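Enquirer: Structure provided below as structure tokens; questions to follow.
Bear in mind these aren't lab numbers, they're just calculated from the coordinates by the rules spelled out. In this text the structure is predicted, and so the values were computed from the model without any measurement. All Cβ positions, glycine included, derive from the backbone under ideal geometry; neighbour counts span all protein chains shown.
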Amino acid sequence: MKWRRRNERRYQSPAAGAVVRRPVPLVQPWEGRQVKTPDTTKAVSSATRQGAQIITPGGLPAKLNTVTAEVLARLLNYERLTSLDAVDEASTTRLSAVTFYLAEKYGWPIEAVDKAAGCRDGRVAWVAEYFLGPEIVARAMADGAGDWCAKVRAARRARRAHAAQARREAERANAARKARRHHPGQQGLFEGGAA
């Protein structure tokens, strides 16, 4: 059988063209509905009429000894965090995921700006710098977030006291894993007589 192109329907059966297609009338979603016009006689601010919303502080995480709680406590302390800062200070490499989680689950309006950073290898890299607006921090502190931040700092300090033990456990786990993976007949890349 010879393959040929017929109306760009290479693999369709000859009966495929016999399907009757009929047009479907499209109905506009707004047909038959009345559009509400804004009432300009009421004393409503123009910002509210144009869709601006009042920004309020979000909720506070219940667990105090987590990276999420520490990042929020640092942001509530007027700190501006980059991912490099978070590695050293909050022990996380996933600052963007934490800020997204704080925004989505707890409702914090975390802002981000791009910032140039000079690298050791001579490049200029752009990183995101995360922060909370001063009005948000002020409202959160007025609502009692200062006490929560103090509890978070204490909980994280207590958790860091176990850092040496965690490092020893990680070394043991890595050593056990390495011992399990070694195949007795397998040699290293530069071992053996083949060169």
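Enquirer: Determine ³J(HN,Hα), in whole Hz, for all residues of segment 59-67 in sequence, where each value follows from phi through the Karplus function 6.51 cos²θ - 1.76 cosθ + 1.60 and θ = phi - 60°; x replaces Gly and Pro.
Expert: For segment 59-67, the Karplus curve yields x, 9, x, 6, 7, 9, 9, 10, 5 Hz.
Enquirer: Let me ask you something else. Give me the net charge for the shell around P109: Cβ to Cβ below 12 angstrom, other residues only, Lys and Arg +1, Asp and Glu -1. Spell out each step's value before the answer.
Expert: Values: positive: R139; negative: E104, E111, E135.
Once all neighbours under 12 Å are counted, the net charge is -2.
Enquirer: Calculate how large, on average over all directions, the projected area of the Cα convex hull of segment 67-170 is; give the answer in nm² to one decimal. Kindly include the intermediate steps, with their values, before the conclusion.
Expert: Values: hull surface 31.7 nm².
The number I arrive at for segment 67-170 is 7.9 nm².
Enquirer: Continuing with the same structure: Rounded to the nearest 0.05, what FRET efficiency is calculated for H162 and T93 with R0 set to 22 Å and r the Cβ-Cβ distance? Don't skip to the end; give the middle numbers.
Expert: On the way: r = 20 Å, r/R0 = 0.91.
Computed FRET efficiency for H162 and T93: 0.65.
Enquirer: Full extension from E171 to A154: what is 0.36 nm times the residue separation minus their Cα-Cα distance, to one decimal in nm? Intermediate values should be presented prior to the final figure.
Expert: Numbers: separation 17, 0.36 × 17 = 6.12 nm, distance 2.71 nm.
Going from the current span to full extension adds 3.4 nm.
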